[in-house]
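Participant: Can you read through this structure? Questions will come right after.
The values are calculated or read from the model by the stated rules, or taken from the named source; none is laboratory data. Here the structure is a predicted model, which means the values were calculated and not measured. Cβ: placed from backbone, ideal geometry, glycine included. Neighbour counts: every protein chain shown. For accessibility, only protein heavy atoms count, side chains too; no ligands or nucleic acids. Shrake-Rupley method; radii C 1.70, N 1.55, O 1.52, S 1.80 Å.
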Amino acid sequence: MTETYRPRRSVLYVPASNDKALAKIAQLACDAVIIDLEDAVAPADKIAAREKLTGIFANRPDANGRRCEMVVRVNALSSEWGTDDLAAVAKAEPDGILLPKVDTPRDVLEVGDVLDDNFAPDSVKLWAMIETPKAMLNIGAIAELGRDPASRLDCFIAGTNDLVKDTGVLATPDRAYLLPWLMQMLLAARAGGIDMLDGVFNDFRDPDAFAHECTQAAAMGFDGKTLIHPSQIEAANRAFAPSAQALAEARAVKDAFALAQNSGKGVIALNGRMVERLHLAQAEKLLAKAAAIGA
Ligand SMILES: CC(C)(COP(=O)(O)OP(=O)(O)OC[C@H]1O[C@@H](n2cnc3c(N)ncnc32)[C@H](O)[C@@H]1OP(=O)(O)O)[C@@H](O)C(=O)NCCC(=O)NCCSC(=O)C[C@H](O)C(=O)O
Ligand SMILES: [Mg+2]
């Protein structure tokens, strides 16, 4: 989680080539959308999809009266569309640009250099798909960029479909073979101080299995989940929000440390549990998160 909490519980891909889906954004309660120029758009439609960006961003759709974070996923710079995508996206001024198939820190730095010509480092952020075996081998070095605001790196997304494709692991319902990599990404993202979003759940007509995967990802520490269908938004918003029980516990920790008798203490006992000031910090973070999402 970044220091000023920005909710990214539900992050919906919307293909830039799908006008009906684009028109829906304003009615959706997702925390962010990713306008996709990459895998959701067929090669024959890539240029027409790119040309729509200016129009989309000229009238930024608000989601339920609040500003929804808007990110564009470009094609890889190494592809025939990447360079022109980047020029078009930079003009559209999204909140972020999502880079697919990032392999090394250089892949992020190169795009940052292009953006530096037009934008202050605190404006357009960079998000990176972690979806190649090389990215997994370089994950610590890529994440480390997050510690330097000049790099713009702000968020990782697990690209589980590409990881399955490139490694040959079996995609099982419990994600047994993916879990070690997902946890490694999470750890790296935390070391770099950036957000970490889970990959998509392809069986969008199976809400129970989707809710189960959201619960798993929330327990693993992810900030949110990337989505492919509007029907997935509500369950993701719920799973990645603090639970009522967690909030009650956080309030109890805060109240306990606010008592005069505990003011100078580093550690106290609360309902039979040891509670330290690190737990107070954790509780305050959770309460700030709940306030930000109105939980
Ligand atoms: C998956 C879909 C192709 C399903 O489409 P469809 O069968 O048409 O869905 P519905 O009929 O149920 O749609 C109902 C209405 O909802 C709108 N809709 C559907 N999807 C979206 C969306 N993503 N955003 C906004 N609105 C959406 C439809 O237009 C219908 O509206 P209406 O007719 O007015 O009622 C489709 O959902 C889809 O294309 N999803 C996005 C797919 C995508 O973006 N894929 C790329 C990202 S995932 C990825 O790349 C993985 C990653 O890189 C990795 O490696 O893992
Ligand atoms: Mg992918």
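Participant: Where Rh denotes the Kirkwood radius from the mean inverse Cα pair distance, what is Rg over Rh for the range 1-151?
Facilitator: My calculation of the ratio gives 0.95.
Participant: Something else now. Using Stokes-Einstein with the Kirkwood hydrodynamic radius over Cα pairs, what translational diffusion coefficient do you get for the chain at 37 °C and a viscosity of 0.692 mPa s, in µm²/s rounded to a whole number?
Facilitator: 164
Participant: Any chance you could tell me what percent of the C-alpha pair distances in the range 111-211 go past 16 Å?
Facilitator: Everything past 16 Å amounts to 59 percent.
Participant: Let me ask another. Which entries of LYS24/LYS125; LYS20/LYS165; LYS46/LYS285; LYS24/LYS285 have Cα-Cα distances beyond 31 Å here?
Facilitator: LYS46/LYS285; LYS24/LYS285
Participant: Also: With springs only between Cα atoms under 10 Å apart, run a GNM on the chain and tell me which of GLY224, GLY146, GLY82 wobbles the most.
Facilitator: Result for the chain, Cα springs under 10 Å: GLY82 fluctuates most.
Participant: Run the numbers on the chain and let me know its relative contact order in percent, using alpha-carbon pairs under 8 Å that are six or more apart.
Facilitator: 17
Participant: Determine the sum of side-chain charges near SER78: Lys and Arg each +1, Asp and Glu each -1, restricted to other residues whose C-beta is under 11 angstrom from that of SER78.
Facilitator: -3
Participant: Let me make sure I get this right: for the range 159-295, a, b and c are the square roots of the gyration tensor eigenvalues over alpha carbons, sorted descending. Under 1.5 in a/c it's rounded, otherwise prolate if a/b > b/c, else oblate. Which is it?
Facilitator: The shape class here is prolate.
Participant: While we're looking at this one, here's another question. Helix 277-293 versus the longest principal axis of the chain: what angle, 0 to 90°, nearest 10, using Cα atoms?
Facilitator: The two axes meet at around 50 degrees.
Participant: Now a separate question. Compute the acute angle (0 to 90°) between the alpha-carbon long axis of helix 207-219 and the principal axis of greatest extent of the alpha-carbon atoms of the chain; round to the nearest 10°.
Facilitator: 60
Participant: Still on this structure: Distance in nm between label sites at LEU137 and ALA171, each 7 Å beyond Cα in the beta-carbon direction?
Facilitator: Distance between label points: 2.4 nm.
Participant: Quickly rank 232-239, 255-262 as a protection proxy: mean count of other C-beta atoms within 10 Å, highest first.
Facilitator: Details: 232-239: 20.8, 255-262: 12.5.
Order by mean packing, descending: 232-239, 255-262.
Participant: Can you tell which of MET70, MET136, MET220 shows the greatest fluctuation in a Gaussian network model of the chain with Cα springs below 10 Å?
Facilitator: MET220
Participant: Give the ranking of GLU80, GLU276 by solvent-accessible surface, highest area first, calculated with a 1.4 Å probe.
Facilitator: The ordering from most to least exposed comes out as GLU80, GLU276.
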